[in-house]
Amino acid sequence: MNHRGHRLAAALLALAIALPAGAAETVKIGVIYPLSGNAASAGNSAKDAIELGAEIVNGVYPELKGSPLAGAAGLANLGGAKVELLNADHQGNPSVGQSQTLRLVTQEKVAAMLGAYHSSVALTATAVAERYGVPFLVADSVALNITQRGFKWIFRSGPIAPDFAKAYTSFLGELKQAGRKVDAIAIVNENTDYGTSVAASISDAANKSGIKVAAQIPYNANGSDVSGQVLQLKQLAPDAVIFISYTADTILYFKTLKNLDYTPPMIIGDDAGFSDPAFIPAVGEIAQGAMNRSAWDLGKPGGNSYTVNELFKKKTGRDLDDTSARWMQGFLVLADAINRAGSTDHAKIQKALQDTDLKPEQLMIGYRGVKFDETGQNTLSATYLIQLQGKEYKSVWPQDRATAKLVWPMTGWRTRNQ
């Protein structure tokens, strides 16, 4: 028995020596989303996307050409270790997001964190990760201050509020130069960190570009009546209205616009509620011509975007949208960094994230690449404009990415000659 014990111990020691430092049977990644509450449909769609991302990392998908982790099963530099997702529901509540992050970090001992959709939740959750020295990748929350607090453990792969503001004002400025009437806009924003941050960036960019902001109208996203705000818009009669709103309030606004018989010449949505899978089924018929920002486009057959979308459609029965695609891309960036770190050590993952330099052909979304600056912000993220035409969004700006002709003014629920 002693000889057998020695042989077993020797075999286990040899196996341990053969594995890379930090190699693990599974690598735990904590993910917090809004799986209940007003943004539950967006959160659950993001969860579907992350779970597909984990399947891609853990399996072999040679059809995803250039994707860093698609050609081998598991994390090669950690002995083929599989990614294990530890999902948590933050309910859209910053304090719940904070406590869930604390649990995942201190009790579950995750290698890294991912989240969080609501910027207000991202702010509290990332503060926990920073305090404990755990890498946290923000996949889609856009408030500017998330990456402007001097934190060293926080990284964001997607675009931020000033990027959107520049896109909107550049688009409107081009239309004005082409002879469209774009003299004044209105901004309608929910009043948490997300809406406030984006609204301020848009207002600043509009003023610098010579576009008048007729009004900025904040509101409570948990409210049940927006008649006052819509009547204010109707009286102001701006040439375009930019909405910064989550799902329930976006749907409420369109229903109220119809009830009060008002359609502005153009509505531009700042992703969020406009990208939620619930939006088109709920109000698509009365929101015809509404615009939205997006870095996601199906692309051509054979490309990574198209191939990933086919996998997602097979899994869920629906297409990816901008929000779920940004979540998946964020997850893949984080998984790639963990693999390059060759370890679950937090500091080594942090260093790998800092050294990230992914090219466009390695991505499944339309960023110009992924490369983080000293604040943790991806300097190569990008956004474009799409328009709801029929039952789907189509790319309309900029011209070199357009797959459809812009409809201006929007029609809403009726034709303009009625």
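Nothing in this text is a laboratory measurement; each read-out follows from the coordinates by a stated rule. These numbers come from a predicted model, not from an experiment. Heads up, the Cβs are rebuilt from the backbone with ideal geometry, glycines too, and the neighbour counts pull from every protein chain shown.
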Karplus (6.51, -1.76, 1.60) ³J(HN,Hα), θ = phi - 60°, over segment 170-179, in Hz, Gly and Pro reported as x: 5, 4, 5, x, 5, 5, 5, 5, 7, x
Part-to-part distance (alpha-carbon centres) for segment 272-300 and segment 82-117, which is given in Å: 28 Å
Segment 344-404 versus segment 150-188: alpha-carbon centroid distance in Å: 16 Å
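So for segment 210-302, what are the equivalent ellipsoid semi-axes in whole Å, largest first, each being the square root of 5 times an eigenvalue of the Cα gyration tensor? Mind dumping the intermediate values first?
Numbers: eigenvalues 111, 52, 31 Å².
Value: 24, 16, 13 Å, ordered largest first.
I want to verify the translational diffusion coefficient of segment 122-203 in µm²/s; compute it with Stokes-Einstein, Rh as the Kirkwood radius over Cα pairs, at 10 °C and 1.306 mPa s.
111 µm²/s
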Residue order, fewest to most surrounding Cβ atoms within 10 angstrom, among Glu285, Glu84: Glu285, Glu84
Whole-Hz couplings from phi, Karplus 6.51/-1.76/1.60, listed for segment 261-276; x for Gly and Pro: 6, 9, 10, x, x, 8, 10, 10, x, 8, 6, 6, x, 6, 9, 4
In nm, spacing of pseudo-spin labels at Leu86 and Ser36 (7 Å Cα→C-beta vector): 2.1 nm
Amide proton proximity set for Trp397, modelled H, under 5 Å, gap of 5+: Leu385
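Any chance you could list the semi-axes, whole Å, largest first, of the equivalent ellipsoid that the Cα gyration tensor gives for segment 66-116, using √(5λ)? Before the final figure, lay out the partial values.
Values: eigenvalues 159, 34, 11 Å².
Here the semi-axes work out to 28, 13, 7 Å.
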Net +/- balance of residues flanking Tyr219 in space, Cβ distance below 12 Å, scoring K and R +1, D and E -1: -3
Ascending count of other beta-carbon atoms within 10 Å, so fewest first, for Thr263, Thr323, Thr356: Thr356, Thr263, Thr323
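Could you tell me the convex hull volume per residue, in Å³, taken over the Cα atoms of segment 42-182?
Working: hull volume 22.5 nm³, N = 141.
Normalising the Cα hull of segment 42-182 by residue number yields 159 Å³.
Which length gain, in nm to one decimal place, applies between Gln354 and Arg149 when the Cα-Cα distance is subtracted from 0.36 nm times their residue separation? Could you put the intermediate results ahead of the total?
Working: separation 205, 0.36 × 205 = 73.80 nm, distance 1.67 nm.
So the extension gain works out to 72.1 nm.
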Sequence-distant residues sharing a close amide H with Ala221 (under 5 Å, placed H): Asn191
Label-point separation in nm, Glu55 to Ser170, each point 7 Å along Cα→Cβ: 3.5 nm
Binned Cα-Cα distance frequencies in segment 340-400 - 10 Å width, integer %: 20, 34, 26, 14, 7
Net +/- balance of residues flanking His346 in space, Cβ distance below 13 Å, scoring K and R +1, D and E -1: +4
Interchain or long-range residues, amide H under 5 Å from Ala295's placed H: Tyr384
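Over the Cα atoms of the chain, what is the Rg over Rh ratio if Rh follows Kirkwood? Mind showing how you got there, number by number?
Values: Rg = 22.7 Å, Rh = 22.2 Å.
My calculation of the ratio gives 1.02.
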Gain in span if fully extended, Asn220 to Leu102, counting 0.36 nm per residue against the direct Cα distance: 39.7 nm
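Please report Rg over Rh for segment 180-256, where both radii come from the alpha carbon positions and Rh follows the Kirkwood definition. Don't skip to the answer; put the middle values down first.
Working: Rg = 12.2 Å, Rh = 12.7 Å.
Checking Rg against Rh, the ratio lands at 0.96.
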Residues in segment 104-143 reached by a label modelled at Glu374 [backbone nitrogen below 19 Å; 7 Å Cα→Cβ]: none
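Can you tell me the dipole magnitude for the chain around its Cα centre, using point charges on the Cβ only (Lys, Arg +1; Asp, Glu -1), in Debye to the nearest 20?
Working: 40 positive and 38 negative charges, 82 e Å.
That gives the chain a dipole magnitude of about 400 debye.
Quick check on my link table: of Lys65/Lys315; Lys65/Lys313; Lys176/Lys371; Lys314/Lys391, which ones sit more than 23 Å apart, alpha carbon to alpha carbon?
On the way: Lys65/Lys315 20 Å; Lys65/Lys313 19 Å; Lys176/Lys371 34 Å; Lys314/Lys391 20 Å.
Cα-Cα > 23 Å for Lys176/Lys371; rest within.
Counting only trypsin sites (Lys or Arg not before Pro) that sit in a DSSP loop (anything but H, G, I, E, B) with at most 10 other Cβ atoms within 10 Å, what is the longest stretch of the chain containing none of them? Intermediate results must be reported in sequence, preceding the final value.
On the way: sites that count: Lys391, Lys405.
In short, 1-390.
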Tail weight of P(r) past 23 Å, computed on alpha-carbon pairs of segment 288-418, percent: 44 percent
